[in-house]
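Following this message is one structure expressed as structure tokens.
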Amino acid sequence: MRAVATPGRIVEAVRVGFMAHASGRVRQALTSHLAFAGDGGARAGDCHVKWGHDEASTYFVIKVATSFYSNPQHGLPSSNGLVLLMSAQTGEPVALLEDRGWLTDARTAAAGVLASEAAGIERIDTLGVLGTGIQAGLQARWIAAHRQVSRVLVWGRRPGAAGQLVADLRASGIEAAVAERVSDLATQSDLIVTTTPSFTPLLMNSDVKDGTAIVAIGADARGKRELDRALLHRADRIICDDPAQCLDHGELQDSGIDAGRLERIGELLLKSETKGASRAAGVTIVDLTGIATQDVAAAQACWLALSRSDDWR
């Protein structure tokens, strides 16, 4: 599955999925959330269930994704899950893609690449990444592979993990360094991607310079937050994968931001096919909560590639 779910294939599949969503072609449910408490009542993990159908597709998808934050301390990946591909013509199960969370991770990484396009970022001298987990590494690698990136700065709450991610990025040919403070990363970055499960703002308004684009990925459930509230209200542009979902449980939850201010990433990608995306002089924020159209697009692309292969069995 990893062999066929390549960055190029998944990015283009998710691009089509976002545009289908913006065109009103995709039916999807509100995300179901199940939270797990750990010691002291702190959040230990999450389970999200999404389903959706693109009317142009003969398949619909039901996806279960989990994230348990202490797994890496036990030698386990933090994310897991599976995808059920169903026939939209007969209702029969077509395939159970036991991807162990890979397709969710991949389609989220693809959304980061596309968010940088929708935000009008043409050149990225410095990409800043908050976080050190699976998604942090994927965002750094996929954005660097698809866009012009001179270097990557990484900040993490665990310096050792940040150092390890930087070493891994350097080993793959990407110039990277550790930022000791979030403020150091923010003042030097053209594009910042936040990938943590934080419930406390990490990126403060006073640290972010004009002309910066921010892709907020970590806040995908009630209570999670990575950005300073003042930063949201300062933004010249706010782009979302799905406005209603972002206002409910994304970075924009309880922010008081008017829905009329929000742009949809799919609409911007549709426009960019003809006239290109514009970049704001101030701050641009892209709030990504993850929507079912990404899962439909990624699972279908993966399944079609697998079913056409002679050696996948």
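Laboratory data are not the source of any read-out in this text; all were calculated from the coordinates shown. Predicted model only: the values in this text are computed from it and were never measured. Here Cβ is always computed from backbone atoms with ideal geometry, including for glycine, and neighbour counts include all displayed protein chains.
Angle check, please: helix 159-171 long axis (alpha carbons) against the longest principal axis of the chain (alpha carbons), in degrees 0 to 90, nearest 10.
70 degrees
Which of the cysteines in the chain are isolated, no other cysteine C-beta under 4.7 Å?
Flagged as lacking a Cys partner: Cys47, Cys302.
How many lysine pairs are close in the chain, with Cα atoms under 30 Å apart and the two 8 or more places apart or on different chains? Mind showing how you got there, number by number?
Working: Lys50/Lys63; Lys50/Lys224; Lys50/Lys271; Lys63/Lys224; Lys63/Lys271; Lys209/Lys224; Lys209/Lys271; Lys209/Lys275.
Number of lysine pairs found: 8.
Packing-wise, with mean Cβ within 10 Å as the measure, how do 76-86, 286-296, 29-39 rank, highest first?
Working: 76-86: 18.9, 286-296: 27.7, 29-39: 12.2.
In decreasing order of mean packing, 76-86, 286-296, 29-39 become 286-296, 76-86, 29-39.
Looking only at Gly282, Gly40, Gly250, which one moves most when the chain is put into a Gaussian network model with springs between Cα atoms under 10 Å?
Evaluated over the chain, the most mobile residue of the options is Gly40.
For Ala176, what charge total do you get from the other residues with a beta carbon under 11 Å from its beta carbon, if Lys and Arg give +1 and Asp and Glu give -1?
Around Ala176, the charge tally is +1.
Another one. Relative to the longest principal Cα axis of the chain, at what angle does helix 134-146 sit, 0 to 90 degrees, rounded to 10?
Helix 134-146 sits at roughly 90 degrees to that axis.
Calculate, for Gln164 and Ser206, the FRET efficiency according to 1/(1 + (r/R0)^6) with r their C-beta to C-beta distance and R0 30 Å; round to the nearest 0.05.
That pair, Gln164 with Ser206, gives E of 0.50.
Can you give the angle from 0 to 90° between the axis of helix 102-118 and the longest principal axis of the chain, with both taken from C-alpha atoms, to the nearest 10?
So the inclination is approximately 60 degrees.
Still on this structure: Which order do the peptides 99-112, 167-180, 257-270, 5-18 take when ranked by the mean count of other beta-carbon atoms within 10 Å per residue, highest first?
Ranking, from highest mean packing down: 99-112, 5-18, 257-270, 167-180.
While we're looking at this one, here's another question. Suppose only helical runs count, i.e. DSSP H with n ≥ 4. What mean residue ellipticity at 222 nm does that imply for the chain under -39500 (n - 2.57) per run, divided by all residues and rounded to the nearest 500 deg cm²/dmol?
Details: 9 runs with 103 residues, N = 313.
Result for the chain: -10000 deg cm²/dmol, rounded to the nearest 500.
List the residues, sorted by chain then number, that are 5 or more residues from Asp99 or on another chain and whose placed amide H is less than 5 Å from its amide H.
The list, which skips near neighbours in sequence, is Val83.
In the chain, what percentage of the DSSP-assigned beta bridges are antiparallel, given to the nearest 5?
On the way: 31 of 60 bridges.
DSSP beta bridges in the chain are roughly 50 percent antiparallel.
Using the Karplus curve 6.51 cos²θ - 1.76 cosθ + 1.60 with θ = phi - 60°, what ³J(HN,Hα) values do you get for each residue of the range 81-95, in whole Hz, with x for Gly and Pro?
Computed from phi, the couplings for the range 81-95 are x, 7, 10, 9, 9, 10, 6, 7, 9, 10, x, 6, x, 9, 7 Hz.
Turning to a different aspect of this structure: Return the long-range amide H neighbours of Glu263 (sequence gap of 5 or more, or a different chain), with a cut-off of under 5 Å between placed amide H atoms.
Ile238, Ile239, Cys240
Quick query: amide H of Gly52 versus all other amide H atoms, modeled in the peptide plane; which residues come in under 5 Å with a sequence gap of 5 or more or a different chain?
Counting only residues 5 or more places away or on other chains, the set is Val61.
Take the alpha carbon gyration tensor of the chain, find the square roots of its eigenvalues, order them as a ≥ b ≥ c, and report rounded if a/c is under 1.5; if not, report prolate when a/b exceeds b/c, else oblate.
On the way: a/c = 1.41, a/b = 1.27, b/c = 1.11.
In terms of gyration-tensor shape, rounded.
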